[in-house]
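Take a look at the structure set out below.
The values are calculated or read from the model by the stated rules, or taken from the named source; none is laboratory data. Bear in mind that the values here come from a model prediction, so they are computed numbers and not experimental data. In this analysis, Cβ positions are derived from the backbone assuming ideal geometry, glycine residues included, and neighbour counts consider all displayed protein chains. Calculation scope for accessible area: heavy atoms of the full protein, side chains included, ligands and nucleic acids excluded. Shrake-Rupley method; radii C 1.70, N 1.55, O 1.52, S 1.80 Å.
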Amino acid sequence: VQLQASGGGLVQAGGSLRLSCAASGRIFSNYAMAWFRQAPGKEREFVAAIRWNDGSTNYADSVKGRFTVSRDNAKNTMYLQMNSLKTEDTAVYYCATKQGLWMARNGFEYDFWGQGTQVTVSS
């Protein structure tokens, strides 16, 4: 499986962006996919995850109520709609996928990763 993340950019605080993660190769129904992010000088952190079979989701507390993760099975694509962006959301965002439906928050449990896409939120 190869993942391609896109959609990052520069946005003002309070604005919105939508990230996409397109998968080449089959995503099986028993997979989970996730978004992580890493800000300069900080460790990678979990953002959100989704189960491919039923669309169940899981969010980090820091983004709950502002970000929405979704997927389009037909397009083999996962999305991250980011609203009410804050300067602290500035980071490189990565998508990842793993076998198994457990929506892990530890990046080491994910098998495949996309390249990052930069999100910069200005004040």
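Side notes on the structure shown:
- Scanning region 89-123 for residues that are touching a residue at least 24 places away in the same chain (Cβ under 8 Å) and of a type in the set (Asp, Glu) returns Asp89, Asp111.
- Residue that is most open to solvent (accessible area, probe 1.4 Å), among those in region 46-75 that are assigned to a loop (DSSP other than H, G, I, E, B) and small (Gly, Ala, Ser): Gly65
- Residues located in region 71-88, provided they are among the aliphatic types (A, V, I, L, M), in contact (Cβ under 8 Å) with a residue 24 or more places away in the chain and within 17 Å of Asn53 (Cβ to Cβ): Met78
- Under the condition of being at positive phi and either assigned to a helix (DSSP H, G or I) or at pLDDT 95 or above (or both), the residues counted in region 76-90 number 1.
- For region 76-115, the candidate set comprises residues that are among the small types (Gly, Ala, Ser) and open to solvent by less than 30 Å² (accessible area, probe 1.4 Å); within that set, the residue that is nearest to Ala32 (Cα to Cα) is Gly100.
- Taken over region 105-123, residues that are of a type in the set (S, T, N, Q), under 17 Å from Gly9 (Cα atoms) and over 13 Å from the mean Cα position of the chain (by Cα) amount to 3.
- Filtered residues of region 1-45 (kept if out of contact with any Cys (no Cβ under 6 Å at 6 or more places or on another chain), crowded, with 18+ Cβ neighbours inside 10 Å, part of a strand (DSSP E or B) and not small (Gly, Ala, Ser)): Leu17, Leu19, Tyr31, Met33, Phe36, Arg37
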